[in-house]
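The values are calculated or read from the model by the stated rules, or taken from the named source; none is laboratory data. Source: prediction; values computed, not measured. When we count neighbours, we look across all protein chains shown, and the Cβ atoms used for this are built from the backbone with ideal geometry, even at glycine.
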Amino acid sequence: MKYIIIGNGIAGVHAAESIRRIDTCGTIQMISDETTSPYSRPMISHVLAGVTDSQKIHIRPPNFYAQLNIEPLFGKRITQIDIPKKQIHLDANTLDYDRLLIASGADPRPINAEGQDLQNIFFMRTVAQVLQIKKALLKTKRALVLGGGLVGFKAAYGLMHRGIPVTMIIGSQYPLSMQVDPTAGHLILESLRKKGLDVRVGLSVTSFEGKQTVQGAFLSDGTHLSCDLVIIGKGVLPSKAFISDNDIQTQSGILVDQHMTTNIPDIFAAGDVAQCYDIVRQSPWINAIWPEAVLQGRIAGANMAGKSLTHKGSLGRNVIRMFDLDILTAGLVNPPDNSSYIVISDHNARNRYYRKFVFNNNRLIGVVMVNNIEQGGLFVSLIVNQIPIQFPLKNFLTRTFNFGKMLKK
């Protein structure tokens, strides 16, 4: 059996390990446009901050491929998948496969601004990009970060940890708009500004200025900002440019069923590129988080090797340490205004404390917590398992109620 895995990230790694546990003889080839062994992508902001060395974020030892008899193909770009012939076309050669996993991850979301090709304007998605940024920091006096999501804040954290003043430009009215609700967002915004982060909301960059290297930026309100380094963190898009929509079914990502199989036999997808059933939304969705990539990779790999494991559904959730704020968010936290969902919350601005719970059909489907995030893992379990709530909902606003007893049942 010939297995090919497109991608060398966490989903691809766990898929390869699953395959090898079941099939010890089949050939496995892993293709990546990067040139390094697998590493922890969430840790690259710590490399930027200078608190972790880039060699210490690898998630597998150097002999990982040899131990599992895997052929790594680094620095390779896929141009096409020939489905009838079961072939992968690279820049310079063609590979045959029996079973294929697309775990290509995601690419940085591009921007459209005049001057965006100037030097010292970076994305921050790979360790190679972070190492380029670190070189540019030697002459950096002020930095600009575009985007108020997780990538943007990791970039801002890394720069500020090095003592570099940072201005952050956010298109929405508050940070983390894809993860939290307005109340939590404004609580976070106020806290970040007190920490010295210059956050500008409801704005975008229209153009950059400079001769060869960026020297400044113009905003959508006409404001001019001086900067000599820019990091673009406007989110990500599934990496699927090499896929023909006429063959493999896609929406935002590659559509997969509960076995992580696409509409094409013998082609699977997992990780940030895969769009699978979402427990809360009850429809296909991309939850581009580390735990989901691990689980999906394991299931896809096992099924490629002949098993029939099922994925019960994904759930978006994050636990974030943002300077001195602890934030937990999971599920659907911004239900439509005209919906029948029940929402309860507790907010203490002085203590920077906030809890919000969203219910539907007597089940918890969403939670946001800022500080005092105790029992957060239990709330996530309630959502994942869709356990009916059999006590007054007001108990969710207390800190002493034992929610764990619900899971014991």
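For L219, are the conditions met, namely being in contact (Cβ under 8 Å) with a residue 12 or more places away in the chain, of a type in the set (A, V, I, L, M) and out of contact with any Gly (no Cβ under 8 Å at 6 or more places or on another chain)? In short, yes. Would you be able to say whether some residue in region 266-276 is buried (at least 16 other Cβ atoms within 10 Å of the Cβ) and more than 30 Å from N385 (Cβ to Cβ)? Looking for residues that are buried (at least 16 other Cβ atoms within 10 Å of the Cβ) and more than 30 Å from N385 (Cβ to Cβ), one finds at least one in region 266-276, hence yes. Under the condition of being over 17 Å from the mean Cα position of the chain (by Cα) and within 29 Å of L309 (Cβ to Cβ), the residues counted in region 15-52 number 21.
The lone criterion from (1) within 25 Å of the chain's Cα centre (by Cα); (2) among the polar types (S, T, N, Q); (3) at pLDDT 95 or above left unmet by Q55 is number (3). Note on region 379-407: residues that are surrounded by 16 or more Cβ atoms within 10 Å (Cβ to Cβ) and within 16 Å of L328 (Cβ to Cβ) amount to 8. Quick check on S239: is it modelled with pLDDT under 95, crowded, with 16+ Cβ neighbours inside 10 Å and of a type in the set (S, T, Y)? Spelling it out, it is not the case that S239 is modelled with pLDDT under 95, crowded, with 16+ Cβ neighbours inside 10 Å and of a type in the set (S, T, Y).
State whether one or more residues within region 34-45 are basic (K, R) and touching a Leu at 6+ places or on another chain (Cβ under 8 Å). Quick ask: steps written out before the conclusion?
Let us first name the residues in region 34-45 that are basic (K, R), namely 41.
Subset that is touching a Leu at 6+ places or on another chain (Cβ under 8 Å): none.
No, every residue in region 34-45 fails to be basic (K, R) and touching a Leu at 6+ places or on another chain (Cβ under 8 Å).
Of all residues in region 91-109, those being touching a residue at least 24 places away in the same chain (Cβ under 8 Å) and either closer than 16 Å to G12 by Cβ or not in a strand (DSSP E or B) (or both) number 13. Can you name the condition, by its number, that M160 falls short on among (1) more than 18 Å from the chain's Cα centre (by Cα); (2) over 27 Å from K356 (Cα atoms); (3) surrounded by 23 or more Cβ atoms within 10 Å (Cβ to Cβ)? Condition not satisfied by M160: (3).
Of the strands (runs of 3 or more DSSP E) entirely within region 143-253, those holding at least 2 residues that are among the β-branched types (V, I, T) occupy 166-170, 198-201, 205-209, 229-232.
Yes or no: V343 under 17 Å from V180 (Cβ atoms), more than 26 Å from the chain's Cα centre (by Cα) and part of a strand (DSSP E or B)? It is true that V343 is under 17 Å from V180 (Cβ atoms), more than 26 Å from the chain's Cα centre (by Cα) and part of a strand (DSSP E or B).
Any chance region 305-319 includes a residue that's more than 15 Å from the chain's Cα centre (by Cα) and either of a type in the set (F, W, Y) or not in a loop (DSSP other than H, G, I, E, B) (or both)? Within region 305-319, not a single residue is more than 15 Å from the chain's Cα centre (by Cα) and either of a type in the set (F, W, Y) or not in a loop (DSSP other than H, G, I, E, B) (or both).
Checked against (1) surrounded by 12 or more Cβ atoms within 10 Å (Cβ to Cβ); (2) touching a residue at least 24 places away in the same chain (Cβ under 8 Å), P62 meets all criteria but (1). Assess whether R321 counts as being without any contact (Cβ under 8 Å) to a residue 60 or more places away in the chain, under 30 Å from A49 (Cα atoms) and not assigned by TED's automatic domain parsing to the domain that holds I289. When the stated conditions are applied, R321 passes them. For region 138-157, what are the residues that are surrounded by fewer than 19 Cβ atoms within 10 Å (Cβ to Cβ) and modelled with pLDDT of 95 or more? Listed by number, the residues that qualify are T140, K141, R142.
Within region 44-56, none of the residues are free of Cβ contacts under 8 Å to residues at least 60 places away in the same chain and part of a strand (DSSP E or B).
For region 75-89, filtering for residues that are farther than 13 Å from I31 by Cβ and aliphatic (A, V, I, L, M) leaves 1.
Selection of region 9-40 for residues being assigned to a helix (DSSP H, G or I), surrounded by fewer than 21 Cβ atoms within 10 Å (Cβ to Cβ) and not β-branched (V, I, T) yields E17, R20, R21.
Within region 332-369, the set of residues being modelled with pLDDT under 90 and closer than 25 Å to W285 by Cα comprises P336, D337, N338, S339, S340.
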